[in-house]
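Notes follow the structure.
The values are calculated or read from the model by the stated rules, or taken from the named source; none is laboratory data. The model shown is predicted, which means the values in this text are computed figures rather than measured ones. Neighbour counts run over all protein chains shown; Cβ positions are idealised from the backbone, glycine included.
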Amino acid sequence: MKRIKKYQRFERFWHWAQSALIFFLALTGFEVHDSIHIFGYEQAVMFHRVASYAFLVLIAFAIFWHFTTEQWKQYIPTFSNIGTQIRYYTIGIFKGEPHPINPDKWRKLNPVQAITYLGFKVLIIPVMVVSGVLYLFHKRINANDIVVISDIDLGTIAVWHTFGAFVLMAFVIIHVYMTTTGERPTSNIKAMVTGYEDVEENGEHAERSELEVKVISGQQKERKEETK
Amino acid sequence: MKISNHVQKLSLGIVVAVTVITVAFLQLTFHPQEPNLGLRELQVKYAKEDAPGVDHSQFRALNKNFKSPQEVTETCISCHTDSHNEVMASNHWNWDRVSYIEGKGINAIGKKNVLNNFCIGTSTNLEACASCHTGYGLENANTFNFDEPRNVDCLSCHDNSENYVKKSGDSGYPVKNIDLKKVAQSVGKPIMTNCGTCHFYGGGGNNVKHGDLEQALYNADREMDVHMAKDGIQMTCVDCHTAENHEIKGKLYSVSSQNINRAECQSCHTNTPHLNDMLNTHTAKVACQTCHIPTYAKENPTKMAWYWSTAGHLGDDGEPITMVDSVTGAQKYLSKKGTFVWGSDLEPEYVWFNGKAQHYMLGETIDTTDGPVQINRLLGTHADPNAKIIPVKIHRGDQIYDTENMVLIQPKLYSEHRGDSAFWKDFNWETAAAAGMKDIGLKYSGSHDFVSTEMYWPINHMVSPSNMSLQCADCHTQSDDGRLAELTGFYLPGRDSSSFFDGLGTWMLWLSFAGVLFHGGLRIVSHIRTSKNLEMKDYREFGDEEN
């Protein structure tokens, strides 16, 4: 086993700040939707708006960071091993098989993660941001005031924004669950806190066949027995 | 770096973050009672009372015993040489306004030629109605000389002695044995009783018509009317309903139709009266009254419905009967008028309104299949940039109509004596309808029935203190009790949602949750099984065939 630095300091800050904001925005947002009652409608609206500005700032920093550090390349989708990874999540994981694909510096995400987070970044978040900003500044022409004109029907904007929120919540549920699929249930969360993750020595960006996976799985079991 | 190091850092970070968030929360939720300077300015302005520049009781011209009210008017005109012309150009005198109405062209619209949902109309009943005409001798709108200055009734609006009373049923003349000298010497800017005498009692009693204008305003507290309150700023009618050349600002859409010369909250309070921007953006689509008049008819009841169809039933002795609500004392049934429904402390209904209205005008055909006949109709939709949501009292009822010609009938109601076809004396719809329609020059086929009607009364008075105004969730709620639950056709956050996408989203959440539980459960089960297997099997039995 070796310890690699998986998540950098800004990355971890960004991740946890984003998760806090999304959680808070969900609470206040669904109160604005009159689905839950926590803060009171007026406060919920105000909190939601304030948090949305904070989120926009965070997104701006995150985009800057992704491009200056070239970390965006982590999210280039790959289909080469995606079947292996899906097989692991649907079959292998129940048999105690090891993770089929180990991270390396430029491929720290497995193919399923890469494509999921890419979708998060280029689909869910943009839909939420665009519909949210339109919502934020949505006003109609008023006979007395000069105001920002928005000819897009508020209903359309709101339905996009609300549906996006549902998708985001579903993402959060699955995402939080998937963190427990690491080496140990807490090792992924630990990595996002500390930045470091323990990976196997031969943890190159290996493309293993199913046979190899079986072999490794056998070896691992033997090792476990040996330690007993 | 050790993991424990990171945990320390993280806990420090969490402490800092929680502190920052808590401080931010406190900052955001803390509303200092900063003074709304605009409001303070207005309070200072209206706290001062203008002293009149002259004392009319010192005038020699008024120091005489007037024999007739017209003599008083002549004396007024001797100094105010042009005021009578202003009054004679006003709707208080003409009982109509010349207006352009879409689809109907230019019309003079007013009490003369539109109907209402109460005593139906002034035509054929003028002798009685004229006690609220600012003139003398209005018996018949066709023969009355609207150009005779001597008939202008200055005192009805300018008497400040509260002794001047106009007699009902006497064409607008004051009651006899009034000390006209005393009244004439008291004149000044109109006081509340000058307006209230007519405007509080429209429809035949206190608060019958408006619902938000009634005699309780004479002694209002702040909760009833924050502007007129005796324990408040003590404004009077003319503080808002200012006048230039006797053209008074503000009007009611029972008889008015154009979006001009209105008395509006924002002329004092501006379009952005709140300290909160979120509230200020509401003023583009929501009228001030909507939030700030949460209930109307706060003290005395107002008439909510009037069914003429039941009128005319007489007692066993052949005399008209009166039925009274044993609890409130309000009239429930009158042989003369039919059945009434009263209400007090009411939540208004809400409609879009752009300042324009249409009216049923005498002689127009009605469509009895298309819901209740709209005696007046407030125009405006959500898409209309000039339209705002306003509170209204909707007065419902039924009225007599001609089943052949499909027009509403103006019946003759009032007369001094029996046998004059007046319904209130003879209780005969046939003769009352025939006589009424003949008077106004419309055909009557001889067959009548009753049709449901509606009349819209915008609610503008009885503004509550700001802490009693509607709160966000009164409208922004999925509840059917929401104030705007009925006003559909636009997206209201908190109230509206797409049932399809919300349903899909909810299903997605449950599916994700179920999937996670299933997957996790299976992992736990398989883990337990694997562990057990490991315990039971000898390690030499592990082979490649073992999965």
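Taken over segment B:413-432, the criterion of being among the acidic types (Asp, Glu) and either free of Cβ contacts under 8 Å to residues at least 60 places away in the same chain or touching a His at 6+ places or on another chain (Cβ under 8 Å) (or both) is satisfied by B:Asp420, B:Asp426, B:Glu430.
Is segment A:54-75 home to any residue that is within 11 Å of chain B (Cβ to nearest Cβ) and surrounded by fewer than 17 Cβ atoms within 10 Å (Cβ to Cβ)? Yes - at least one qualifying residue is present in segment A:54-75. If you go through segment A:85-115 and keep only what is within 23 Å of A:Ile173 (Cα to Cα), more than 13 Å from every other protein chain (Cβ to nearest Cβ) and either polar (S, T, N, Q) or without any contact (Cβ under 8 Å) to a residue 24 or more places away in the chain (or both), you end up with A:Gln85, A:Asn110, A:Gln113. Do you know which residues across segment A:70-100 are touching a helix residue (DSSP H, G or I) at 6+ places or on another chain (Cβ under 8 Å) and assigned to a loop (DSSP other than H, G, I, E, B)? Result: A:Ile76, A:Pro77, A:Thr78, A:Phe79, A:Ser80, A:Asn81, A:Gly96, A:Glu97, A:Pro98, A:His99, A:Pro100.
Sort through A:Glu42, A:Glu31 and tell me the only one that's at pLDDT 90 or above, at negative phi and facing chain B (nearest Cβ under 8 Å).
A:Glu42
Of these, B:Lys189, B:Lys166, B:Lys181, which one is within 33 Å of the chain's Cα centre (by Cα), surrounded by fewer than 19 Cβ atoms within 10 Å (Cβ to Cβ) and basic (Lys, Arg)?
B:Lys189
Checked against (1) in contact with an Asp or Glu (Cβ under 8 Å, 6 or more places away or on another chain); (2) of a type in the set (A, V, I, L, M, F, W, C); (3) farther than 25 Å from A:Leu168 by Cβ, A:Trp65 passes all but a single condition, namely (3). Is it true that B:Met323 is under 24 Å from the mean Cα position of the chain (by Cα) and on the phi < 0 side of the Ramachandran plot? No; evaluated as a whole, the condition is false for this residue. Take segment B:424-439 and flag every residue that is closer than 11 Å to B:Leu408 by Cβ and among the hydrophobic types (A, V, I, L, M, F, W, C). B:Ala433, B:Met437 - these are the residues of segment B:424-439 that are closer than 11 Å to B:Leu408 by Cβ and among the hydrophobic types (A, V, I, L, M, F, W, C). Figure legend. Inter-residue proximity from segment B:72-94: first residues under 21 Å from B:Lys112 (Cα atoms), second residues assigned to a helix (DSSP H, G or I) and of a type in the set (Phe, Trp, Tyr), beta-carbon distance below 9 Å, spacing 6+ or different chains. Indicated pairs: B:Val87/B:Trp93. Taking (1) assigned to a loop (DSSP other than H, G, I, E, B); (2) at negative phi; (3) free of Cβ contacts under 8 Å to residues at least 12 places away in the same chain in turn, B:Gln410 satisfies each apart from (3).
Meeting the requirement of 2 or more residues that are surrounded by fewer than 19 Cβ atoms within 10 Å (Cβ to Cβ), the helices (runs of 4 or more DSSP H) wholly within segment B:226-311 are B:237-240, B:266-269, B:277-282.
In this structure, does B:Glu71 turn out to be of a type in the set (D, E, K, R), in a helix (DSSP H, G or I) and closer than 23 Å to B:Asn142 by Cα? Taking the combined requirement at face value, the residue does not satisfy it. Within segment B:119-139, being among the charged types (D, E, K, R) and outside any loop (DSSP other than H, G, I, E, B) holds for one residue alone: B:Glu127. Within the bounds of segment B:477-487, is there any residue that is touching a Leu at 6+ places or on another chain (Cβ under 8 Å), at pLDDT 95 or above, farther than 30 Å from B:Lys337 by Cα and assigned to a loop (DSSP other than H, G, I, E, B)? Within segment B:477-487 (the criterion being touching a Leu at 6+ places or on another chain (Cβ under 8 Å), at pLDDT 95 or above, farther than 30 Å from B:Lys337 by Cα and assigned to a loop (DSSP other than H, G, I, E, B)), the answer is yes, since at least one residue qualifies. Residues of segment B:329-343 that are part of a loop (DSSP other than H, G, I, E, B) and closer than 25 Å to B:Glu430 by Cβ: B:Ser335, B:Lys336, B:Lys337. Can B:Ser326 be described as free of Cβ contacts under 8 Å to residues at least 60 places away in the same chain and not in a strand (DSSP E or B)? When the stated conditions are applied, B:Ser326 passes them. Counting the residues of segment A:152-169 that are of a type in the set (Phe, Trp, Tyr) and more than 7 Å from chain B (Cβ to nearest Cβ) gives 1. Contact map, segment B:99-126: residues that are under 15 Å from B:Asn376 (Cβ atoms) and modelled with pLDDT of 85 or more paired with residues that are in a strand (DSSP E or B) and of a type in the set (Phe, Trp, Tyr), Cβ distance under 7 Å, separation 6+ or inter-chain. Pairs shown: B:Asn117/B:Trp306; B:Phe118/B:Trp306.
Residues in segment B:428-447 that are within 33 Å of the chain's Cα centre (by Cα) and modelled with pLDDT of 90 or more were compared, and the one that is nearest to B:Glu319 (Cα to Cα) is B:Trp429.
Restricting attention to segment B:127-156, the residues that are touching a helix residue (DSSP H, G or I) at 6+ places or on another chain (Cβ under 8 Å), acidic (Asp, Glu), surrounded by fewer than 19 Cβ atoms within 10 Å (Cβ to Cβ) and at pLDDT 90 or above add up to 1. Annotation: of all residues in segment A:45-78 being over 21 Å from A:Ala114 (Cα atoms) and β-branched (Val, Ile, Thr), the one that is modelled with the lowest pLDDT is A:Val50.
Within segment B:211-251, being under 13 Å from B:Glu299 (Cβ atoms) and in contact with a strand residue (DSSP E or B) (Cβ under 8 Å, 6 or more places away or on another chain) holds for B:Gly211, B:Asp212, B:Glu214. Filtered by the rule that a residue be basic (Lys, Arg) and in contact with a strand residue (DSSP E or B) (Cβ under 8 Å, 6 or more places away or on another chain), segment B:141-198 gives B:Lys166, B:Lys167. Among the numbered conditions (1) surrounded by 20 or more Cβ atoms within 10 Å (Cβ to Cβ); (2) more than 25 Å from the chain's Cα centre (by Cα); (3) more than 24 Å from B:Tyr360 (Cβ to Cβ), the only one that B:Asp402 does not meet is (3).
Cβ-Cβ contacts under 6 Å between residues 6 or more apart (or on different chains), taken from a first residue in segment B:1-15 that is within 19 Å of A:Glu197 (Cα to Cα) to a second residue that is at pLDDT below 75, are absent.
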